[in-house]
Amino acid sequence: MHRWAVACLLAATACLLATAHARAAAPVPSLTPKKTQALWERLVRARKAHPRALQHVADCRPTRVVVYAQTDWLRLATKLAQNASPCAQYYVSVPPLTSDKTRPRPGQARKIRALGANFHALAEINWNGWNRWVSANQSNWAQAGITARQRMAAAGYDVAAGDTWALNELTSAVRRNTGVARQDVRDLVRGLFTGDGTLPTAKGVVFVIGAGQSMPDVSTLKASLQSWYQDSGFWSDMSAYVSDWGQEAYGDARDYAVAGATPQQRRDVLEQYLGHPVLLARAAPSDAAAAAGFIDAAYLPMGNAAWAWGSSYGWTQVPYEQMQDYVSAQVYAARSLSAADAAPTDRIGFAWAPYNSLGLAPRDFTGQTAAILDRLGAAIRDSGDLLDPTDPGVGACGPPGQPSWCSTVLSGAVFPAAWANFATWTQSTIGFASPPLALTAGTASSALTVQLQTGTVPTAAMTPVTVSLSSTSPQGQFSTSPEGPWTPTLDVVVAAGSSNAIVYYLDSTAGTPTVTATVAGQPAATQVETVAAGPPTGMSVVAGAESVLEGGSVPLTLTAMDALGNPVTTSPTWTVTPASAGRVVSAGGAATFVAGTTPGAAVIRATVGGATGSALVTVTAPPPKVASVKQRFVKKHLVVTVRVVAGSKVARRVPLRLKVRKGSSPVADVTGKTSKLGLFTWRSRGKLPRGHYVVKATLTRH
């Protein structure tokens, strides 16, 4: 019944202390044997004297009260009897012998029954103890249940008088369907119900391991519950063999005692936590009908009366007056939760495990735990009043209009919000558990995992689920093996008990195809994959012009392809032959051929690995042009010098015509060729007067 695993994650030191204490303390019937015996005798005498004093009456709500007792069970039962409701049936668990947890503790059931016809004993069926028994005897769980019933009868448990069994507890392995855990439970409760054939059949109580109230993310818990609820075979057996389904909801007082909150606001938050399994069951779809019907009828919210724990049983290290307030509010919430359905009988459950973590003197500790038990009994009794049918259970907080409980405050207390998520059912869908693929065209991908999910939580399939896969790429293909065979569409099965199926993807076209996974009746899941081209196996280079003048430039277009014809973006090595013909300038993925000063054919080549592409560009010399015309006087003779160039070079033996005039009068009209230096010089024959001369040099055809 302990929350070791959850609590240790939250407070390791406190957990170790609490665990050591809980294991070291041997269970005892009462922390105050003499006082309990005296009260027990007085109540038993009163019951015998007035056997009908607690008969059912019409002005209160019928209730089943189930209390798990780690220890102190007789004092617990006696205190509840002292404040008993005439409309309630009380069931108090008794732990097995410490020396052998498969042996019910003898002589205790009759003492509980003696408190009245509405008091019954529950024989704790310790899961771990019987697990060892099954292994040691090479037996099975059904036989374990039969043997447990036989030992119950021998220890004095009377099923005909209302006693029964209480299985403590279903681990998270049952919820998660680990191994054969669920089948073991089904076999055990069937054996407990049927007995050996000589005993009357008996439905019993099952306690289910819970989760801490303060956990911020409940998505995994919710998903596993939803998956569990769809196991119709399991729930059909529970319905046949179990009377009360007790969910341990051992809360944290710091998640309750919020300043400024009304009792109703506190009730609602407590209901969300105490009732999260039944609230989820009420929202379940038709394929969880077996679970929903059973849980709605048999659900038992197990509140927290264990004081004063820092872990294991939630967190209750508060003064006892605040613990009295806290148990009152939990009774209110449990009663309100039960009243929300049409069941004829309410259910209220609690755990009782007194632990003196506050270091009180023994007398103070026993006195304060007795006060908590008195408040628990009175809250259960008063919560059944029908004085305010619009607010069932509010009597647990005190007289109508004058609540004295359900109002305590702890500094820093905050209501948790996560448990409200259980009021709705999250649709399980198909999704992708593996990240988007990155593969090379023509090469099989790594494993592509499709997964049944609730929210984002993996969810085991109750029956085989067929998933259909397709791709937006015409060349996309799937297989269940990286070696193939390959097909454009593929149906793959998520096996019962599993949440995943693995496939492989192959595509010969580079790009970003979308892979779609579809399950009939569900939204499709999509994932964009990345298919990269393979290494280039062929390249072509196209020049923007067939020829270029010396010093000019030509854009180059490079096309690289892989073996499957996919374009490849690459950075090749460029060469020009001859080297004097020019060079290639590459920047930002663009390439340009820049011509040199040597006319002739230039072979431009791009190379990546073994792939090569080339283009031919002719470098041509530029035509000659007049670069300058200068005139000067030398000894009264006019001298004109014409300079002719071709690109950056002097132009030799280029014919030209030179005209000189002054005003409208011609002075000279001569022809000639440039020298080796690209110059043509003319000198007037005679002397000329200084003035403005117009000189025009024109290149003529060769």
What FRET efficiency comes out for the pair THR700/TRP486, r = Cβ-Cβ distance, R0 = 56 Å, nearest 0.05? 0.15
Separation between the LYS636 and ASP196 pseudo-spin-labels, each 7 Å from Cα along Cα→Cβ, expressed in nm? 15.8 nm
What angle do you read, to the nearest 10 degrees and between 0 and 90, between the alpha-carbon axis of helix 141-154 and the longest principal axis of the chain? 30 degrees
Using a 1.4 Å probe on the protein heavy atoms only, what accessible surface does GLU271 show? Give it in Å² to the nearest 10. 30 Å²
Near LYS649, which aspartates and glutamates are there with a Cα under 17 Å away, not counting those fewer than 8 places off in the same chain? GLU550
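Relative contact order for the chain: what is it in percent, counting Cα pairs under 8 Å that are at least 6 residues apart? Could the numbers behind the result be given before it?
On the way: 1616 pairs, mean separation 61.1, N = 702.
Taking the mean separation of contacting Cα pairs over the length of the chain, I get 9 percent.
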Given backbone amide H placed at 1.01 Å from N, residues whose amide H is under 5 Å from that of LEU549, ignoring those fewer than 5 places away on the same chain, are THR620
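Taking the Cβ of GLN317 as the center, what net charge do the other residues with Cβ under 11 Å away carry, scoring Lys and Arg +1 and Asp and Glu -1?
Values: positive: ARG254; negative: ASP252.
Overall, the nearby charge balance is 0.
How high is the relative contact order of the range 74-118, in percent, with contacts defined as C-alpha pairs under 8 Å that are six or more residues apart? Don't jump to the answer; show the numbers that get you there.
Details: 26 pairs, mean separation 20.2, N = 45.
Computed over the range 74-118, the figure is 45 percent.
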How far is it, in nm, from the label point at ASP388 to the one at LEU97 when both lie 7 Å from their Cα along the line to the Cβ? 5.1 nm
Less than 15 Å from a label point 7 Å out along the Cα-to-Cβ axis of ASN137: which backbone N atoms in the range 153-184 qualify, by residue? 153-155
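So, R0 is 30 Å and r is the distance between the beta-carbons of ALA563 and THR592; what FRET efficiency does that work out to, to 0.05?
On the way: r = 29 Å, r/R0 = 0.97.
Efficiency for this residue pair is about 0.55.
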Could you sort 562-573, 283-294, 628-639, 83-94 so that the peptide with the highest average Cβ count within 10 Å comes first and the rest follow in order? 83-94, 283-294, 562-573, 628-639
Among ALA371, SER407, ILE430, whose Cα lies farthest out toward the positive end of the dipole of the range 346-432, if unit charges sit on the beta carbon of Lys, Arg (+1) and Asp, Glu (-1)? ILE430
Sorted list, accessible surface of protein heavy atoms, 1.4 Å probe, largest first, for THR641, THR98 is THR98, THR641
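With 27 Å as the limit, write out which pairs from LYS630/LYS662; LYS48/LYS79; LYS79/LYS222 have Cα-Cα distances beyond it, or answer none. Walk me through the intermediate numbers first.
Working: LYS630/LYS662 15 Å; LYS48/LYS79 18 Å; LYS79/LYS222 37 Å.
Listed pairs above 27 Å: LYS79/LYS222.
Given Cα positions, please report Rg to Rh for the range 250-340, the hydrodynamic radius being the Kirkwood one.
Details: Rg = 14.4 Å, Rh = 13.9 Å.
With Rh from the inverse mean 1/r over Cα pairs, Rg/Rh is 1.03.
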Looking at the P(r) of the chain, how many percent of alpha-carbon pairs lie beyond 34 Å? 63 percent
Where does helix 289-298 land angle-wise versus the long Cα axis of the chain, in degrees 0 to 90, nearest 10? 40 degrees
What size of dipole, in debye to the nearest 20, comes out for the chain about its Cα centre when the only charges are +1 on Lys and Arg C-beta atoms and -1 on Asp and Glu C-beta atoms? 6400 debye
Among PHE193, THR674, ALA627, which residue has its Cα furthest toward the positive end of the charge dipole of the chain, with +1 on Lys/Arg Cβ and -1 on Asp/Glu Cβ? THR674
Expected unfolding gain across GLU546-LYS649 under the 0.36 nm per residue rule, minus the alpha-carbon gap, is 34.8 nm
Under 8 Å for C-alpha pairs, at least 6 residues apart: give me the relative contact order for the range 325-466, rounded to a whole percent. 21 percent
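Across all directions of projection, what mean area in square nanometres is found for the Cα convex hull of the range 328-429?
Details: hull surface 40.2 nm².
Projected over every direction and averaged, the Cα hull of the range 328-429 covers 10.0 nm².
Could you check how many percent of all C-alpha pairs in the range 438-487 are farther apart than 14 Å?
Values: 783 of 1225 pairs.
Value for the range 438-487: 64 percent of Cα pairs lie more than 14 Å apart.
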ARG657 and VAL180 label points (each 7 Å along its Cα→Cβ direction) are spaced in nm at 11.6 nm
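Using helices alone, I'd like the mean residue ellipticity at 222 nm for the chain: each DSSP H run of four-plus residues gives -39500 (n - 2.57), total over residue count, nearest 500. Walk me through the numbers before you get to the answer.
Numbers: 16 runs with 187 residues, N = 702.
Result for the chain, helices only: -8000 deg cm²/dmol.
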Under the Karplus curve 6.51 cos²θ - 1.76 cosθ + 1.60, θ = phi - 60°, whole-Hz ³J(HN,Hα) for the range 629-635, x wherever Gly or Pro sits: 10, 10, 10, 7, 9, 10, 6
For ARG151, what accessible area in Å² do you get when you roll a 1.4 Å probe over the heavy atoms of the protein chains, rounding to the nearest 10? 50 Å²
Go through PHE234, PHE365 and list them by solvent-accessible area, largest first, probe radius 1.4 Å. PHE365, PHE234
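Quick one: order ARG335, ARG175 from most to least accessible surface, probe 1.4 Å. Could the numbers behind the result be given before it?
Details: ARG335 0, ARG175 45 Å².
Largest accessible area first, the list is ARG175, ARG335.
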Please name which of LEU656, GLY610, GLY582 has its Cα lying farthest along the dipole of the range 535-692 towards the positive end, using unit charges on Cβ (Lys, Arg +1; Asp, Glu -1) and the Cα centre as origin. LEU656
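The values are calculated or read from the model by the stated rules, or taken from the named source; none is laboratory data. All values derive from a computational prediction rather than experimental measurement. Glycine also receives a Cβ, built like all others from the backbone with ideal geometry; neighbour counts cover every protein chain displayed. Calculation scope for accessible area: heavy atoms of the full protein, side chains included, ligands and nucleic acids excluded. Shrake-Rupley method; radii C 1.70, N 1.55, O 1.52, S 1.80 Å.
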